[in-house]
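The values are calculated or read from the model by the stated rules, or taken from the named source; none is laboratory data. Computed from a predicted structure; not experimentally measured. No Cβ is skipped: glycine too gets one built from the backbone with ideal geometry, and neighbour counts run over all protein chains shown. These area figures cover heavy atoms from the full protein model, side chains too; ligands, DNA and RNA do not enter into them. Shrake-Rupley method; radii C 1.70, N 1.55, O 1.52, S 1.80 Å.
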Amino acid sequence: MSIRINPEKCIGCSKCVNVCPGSLIELSERKAYMRYPKDCWGCVSCVKECPKGAIDFFLGADIGGNGSTMHVVSEGDLLQWKIHKYDGTQKVIEINRKNANRY
Ligand code: SF4
Ligand code: SF4
């Protein structure tokens, strides 16, 4: 599975349900859950859409993740990718949407 949804943070807004290209996420009692975890291909669309940072994306061994997770907190145009590393340390990468994809 590429993602994990934290029910404590989820507010049941359905954004992840609507954005998942594989229709893999569903709501039950106003909480999102992964219905087909094996089919997730890790596009991170749901991670970016979640307004509560409730979806963690697992960083695989192929990119040195080794059990690290990442979620997004957004404020306006600013996206903060918060990485919780396997060794207990944290890292934050800030991206301004206005500057994204500029070459
Ligand atoms: S990472 Fe992509 S494919 Fe996987 S559940 Fe989220 S939106 Fe769907
Ligand atoms: S986008 Fe986030 S808060 Fe909204 S339903 Fe999905 S997990 Fe819950």
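Per-structure values
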quantity	calculated
Farthest toward positive dipole pole in the range 3-99 [+1 Lys/Arg, -1 Asp/Glu at C-beta], among Trp81, Pro51, Pro21	Pro51
Theoretical FRET efficiency, 1/(1+(r/R0)^6), r = Cβ-Cβ of Asp87 and Glu29, R0 25 Å, to 0.05	0.10
Size of charge dipole - the chain - debye, nearest 20, with Cβ of Lys, Arg +1 and Asp, Glu -1, no other charges	140 debye
Percent carbon-and-sulfur accessible area, the chain, ignoring ligands, DNA and RNA, probe 1.4 Å	47 percent
Approximate spin-label separation Leu78-Asp39, in nm, with each point projected 7 Å along Cα-to-Cβ	3.8 nm
Mean shadow area of the range 12-78, taken as a quarter of the surface of its Cα convex hull (nm²)	5.0 nm²
Separation between Cα centres of the range 1-20 and the range 36-103, rounded to whole Å	13 Å
The chain: calculated mean residue ellipticity at 222 nm from DSSP helix runs of at least 4, using -39500 (n - 2.57)	-2000 deg cm²/dmol
Sparsely packed GluC sites (Glu not before Pro) within the range 20-93, loop by DSSP, other Cβ within 10 Å at most 13	Glu29
Highest-MSF residue in the chain out of Val92, Val73, Val44 [GNM, Cα springs under 10 Å]	Val92
Relative contact order of the chain, defined on C-alpha pairs under 8 angstrom at six or more residues apart (%)	20 percent
